[in-house]
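A.B. asks: The structure follows.
Where a number appears in this text, it was derived from the coordinates with a stated rule and is not lab data. The model shown is predicted, which means the values in this text are computed figures rather than measured ones. For neighbour counting, all protein chains shown are included, and Cβ atoms are generated from backbone atoms with ideal geometry for every residue, glycine included.
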Amino acid sequence: DAALAFHWYLRAAEDRILDAMFRVGQAYLFGTGVTKDVGQGIAWLEKASELHDAKLRLVQAYTGKYGGDHMNYDKAFRYSQELYAAQKSGESSSGLSGDGVYENILLGQCYERGIGTAVDIAKAIELYSEYAETDYYACEHLGDLYAEVLNDLETAISWYNRATALESRHERPSA
């Protein structure tokens, strides 16, 4: 029962148990076992991020992935930078992949869309390109940039073809 699980996670979270704090934040973001409350979800993830790396969900929350009116692009950019720096230095990562792709894509999206920073297409391309030889999502983002922003359809098609080839070899978990 999701509501009962939430009850026990909340009790543990109040005792500053990291995993419980993260799960309570997630539960509020998705409305699992409790009424969806993006603000409460963000608050619990902020608390958890003080102890460990719950920053990925904060970036997603601050960019509107979970709805609500809690968007904060400055914080999303700052947390994206911290995730990227931690991944590059070999410290903790988002936990979604061990290869750093998600950290690169998150920060690349900030530069691409001007989330908490000035738009910098060259920096976005640089970040996406770091994993373009091996990662479907990086190639897809490059294809989108070349098609939609740079209006270079020939290069975009090349990146989309590369993404398709990579996708057919292995599936990646959804972010």
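A.B. asks: Among the residues of the stretch 131-153 satisfying the criterion of being charged (D, E, K, R) and part of a helix (DSSP H, G or I), which is farthest from GLN81 (Cα to Cα)?
C.D. replies: Per the stated criteria, the residue is GLU148.
A.B. asks: Is it the case that some residue within the stretch 41-62 is surrounded by fewer than 16 Cβ atoms within 10 Å (Cβ to Cβ), free of Cβ contacts under 8 Å to residues at least 24 places away in the same chain, out of contact with any Pro (no Cβ under 8 Å at 6 or more places or on another chain) and closer than 18 Å to GLU82 by Cβ?
C.D. replies: yes
A.B. asks: Which of (1) more than 14 Å from GLN109 (Cβ to Cβ); (2) not in a loop (DSSP other than H, G, I, E, B) is the odd one out, the single condition TYR128 does not satisfy?
C.D. replies: Single failed check for TYR128: (1).
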